[in-house]
Structure formats: C-alpha cells, structure tokens
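Following: one structure in structure tokens, then a few remarks.
The values are calculated or read from the model by the stated rules, or taken from the named source; none is laboratory data. Predicted, not measured: the structure shown is a model, and the values here were computed from it. Positions of Cβ are backbone-derived with ideal geometry, glycine not excepted, and every protein chain shown enters the neighbour counts.
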C-alpha cells in the first residue's frame, strides 16, 4: 500500500447536501482516515445561475439559498473543530477567481460555477487545485461507501494505479456484476463495495462496485 502521505481524501459539499452531509462525511472519513494524510472538504458557496431550462429564482430563491448557505458554513465549521476534516476550502462567487479557475481547467474564462442544468463544475476544479498529494480519493457528500469485510477499495485502487502506468484514474464499478461472477468478487478478482447516492425526496439508489475500470473517471 502507498504511504498515506501520498493520498488526500477530498469531499465536495454544497447547500443541497445539508440533510445528510454530517453523517455521510463522518462515515467516509472513518473509513479512509488511516490511509490518507489529509481530509479536505471543498464547500460550494455559489448559487446556480438562471438558464433557459433552469429558473434559478424558483429553484434557488435568493433568501432561501442564503439561509442554507449559512447552515452550510456552520456545518463546515463544526466538521473542522470536531477534527472530522483537516481543511475546508470554499468556492466563493467571486468573478475573477471563478474566471481564472475555469480558464485553467476548462480553457474557458467563464464566471459561471454551474452548468445549464444547475450541476456544479467549478467545485470539482477547485478540488483538483486543493489537493497536493500524488493521489486523491474523491467523494461527493451524497455518497455512502460500503465494503465487504477485509476489503479496502482504496488499497486496490492505488495498487492498480501503481501497477499500470496507462491508468489515469480509478473508478468503482458502475453496475452490478453479472450473476455468473463469484459473489463478492469483481471481474478482476477484486472484492466489491456498495455505494448509495442520497437525495432529498428520492429513494436510495444502490450500485454494486468492484475496484478498477480503465477509464478516465477522476471525478
């Protein structure tokens, strides 16, 4: 296993994660703390802008968003003082900073932080910017990871990256394994984990994961 000094656990959070983030982040950190040198949380303070398909004034009313952002800042402060996180990095709605960040990673100096559907993108660029180690284990705050006893997804991922220089990134499996596979083992002989995506008002969506897909899946 690679030395923990070479791995950062990085988690993205936004105001939409308030209902569950304290628990999910604590669980992710508890799972990975022994294997990483630092836990960095990137907190998105940017309100999505209006587009022809996204009426921001209705989806994200200014006063309501401001109130939720205050709660998010309080939660991040708690995560820091309770030592769940080592560092909080804020993506603020500052035009010059957003233009520079987006130009560096996307080649377009836009001041927008979200896409036309309201999905974040600048926060993921800041995640890259905020991690100084060779490896970054990234999660969004709406992800819960389950692993079989004795199996460590991060260990297998780092091993694969060290073994195969053609790998750019490592991603868990994106669908349940075929029924013909041995229970608990992926196509490469690796163990499996289960990830749940959480969303307010929606049921849990479960996926069974193995360790390595040879694809660009950094974030």
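Has region 56-72 got at least one residue that is farther than 21 Å from residue 139 by Cα and assigned to a loop (DSSP other than H, G, I, E, B)?
For region 56-72, residues farther than 21 Å from residue 139 by Cα and assigned to a loop (DSSP other than H, G, I, E, B): present.
Can you name every one of the strands (runs of 3 or more DSSP E) wholly within region 120-219 that holds 2 or more residues which are closer than 30 Å to residue 60 by Cβ and at pLDDT 85 or above?
135-140
Hey, does region 91-105 have a residue that's assigned by TED's automatic domain parsing to the domain that holds residue 10, under 20 Å from residue 25 (Cα atoms), part of a strand (DSSP E or B) and in contact (Cβ under 8 Å) with a residue 60 or more places away in the chain?
no
For region 73-84, give me each residue that is free of Cβ contacts under 8 Å to residues at least 24 places away in the same chain and part of a loop (DSSP other than H, G, I, E, B).
Of everything in region 73-84, those that are free of Cβ contacts under 8 Å to residues at least 24 places away in the same chain and part of a loop (DSSP other than H, G, I, E, B) turn out to be 82, 83.
Can residue 85 be described as crowded, with 17+ Cβ neighbours inside 10 Å and within 17 Å of residue 25 (Cα to Cα)?
Yes.
Within region 1-55, track down each residue that is in a loop (DSSP other than H, G, I, E, B) and over 18 Å from the mean Cα position of the chain (by Cα).
1, 2, 3, 47, 48, 49, 50, 52, 53, 55
The rows are residues; the columns are (1) farther than 23 Å from residue 112 by Cβ; (2) at pLDDT 90 or above; (3) in contact with a helix residue (DSSP H, G or I) (Cβ under 9 Å, 6 or more places away or on another chain).
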{"position": "2", "(1), (2), (3)": "yes, no, yes"}
{"position": "7", "(1), (2), (3)": "yes, yes, yes"}
{"position": "14", "(1), (2), (3)": "no, yes, yes"}
{"position": "23", "(1), (2), (3)": "yes, yes, no"}
{"position": "41", "(1), (2), (3)": "no, yes, yes"}
{"position": "51", "(1), (2), (3)": "no, no, no"}
{"position": "60", "(1), (2), (3)": "no, yes, yes"}
{"position": "63", "(1), (2), (3)": "no, yes, no"}
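Only one of (1) farther than 26 Å from residue 168 by Cα; (2) surrounded by 17 or more Cβ atoms within 10 Å (Cβ to Cβ); (3) at pLDDT 95 or above is not met by residue 91, so which one is it?
(1)
What number of residues in region 69-82 are surrounded by fewer than 18 Cβ atoms within 10 Å (Cβ to Cβ) and in contact with a strand residue (DSSP E or B) (Cβ under 9 Å, 6 or more places away or on another chain)?
Summing the residues that are surrounded by fewer than 18 Cβ atoms within 10 Å (Cβ to Cβ) and in contact with a strand residue (DSSP E or B) (Cβ under 9 Å, 6 or more places away or on another chain) in region 69-82 gives 3.
Go through the residues of region 5-20 one by one and say whether even a single one is under 22 Å from residue 146 (Cα atoms), without any contact (Cβ under 8 Å) to a residue 24 or more places away in the chain, surrounded by fewer than 17 Cβ atoms within 10 Å (Cβ to Cβ) and assigned by TED's automatic domain parsing to the domain that holds residue 110.
No: region 5-20 contains no residue that is under 22 Å from residue 146 (Cα atoms), without any contact (Cβ under 8 Å) to a residue 24 or more places away in the chain, surrounded by fewer than 17 Cβ atoms within 10 Å (Cβ to Cβ) and assigned by TED's automatic domain parsing to the domain that holds residue 110.
Before we move on, is residue 28 buried (at least 18 other Cβ atoms within 10 Å of the Cβ) and free of Cβ contacts under 8 Å to residues at least 40 places away in the same chain?
no
Could you tell me which numbered condition residue 98 fails, if it satisfies all but one of (1) within 22 Å of residue 47 (Cβ to Cβ); (2) modelled with pLDDT of 90 or more; (3) out of contact with any helix residue (DSSP H, G or I) (no Cβ under 9 Å at 6 or more places or on another chain)?
Only one criterion in (1) within 22 Å of residue 47 (Cβ to Cβ); (2) modelled with pLDDT of 90 or more; (3) out of contact with any helix residue (DSSP H, G or I) (no Cβ under 9 Å at 6 or more places or on another chain) is unmet by residue 98, namely (3).
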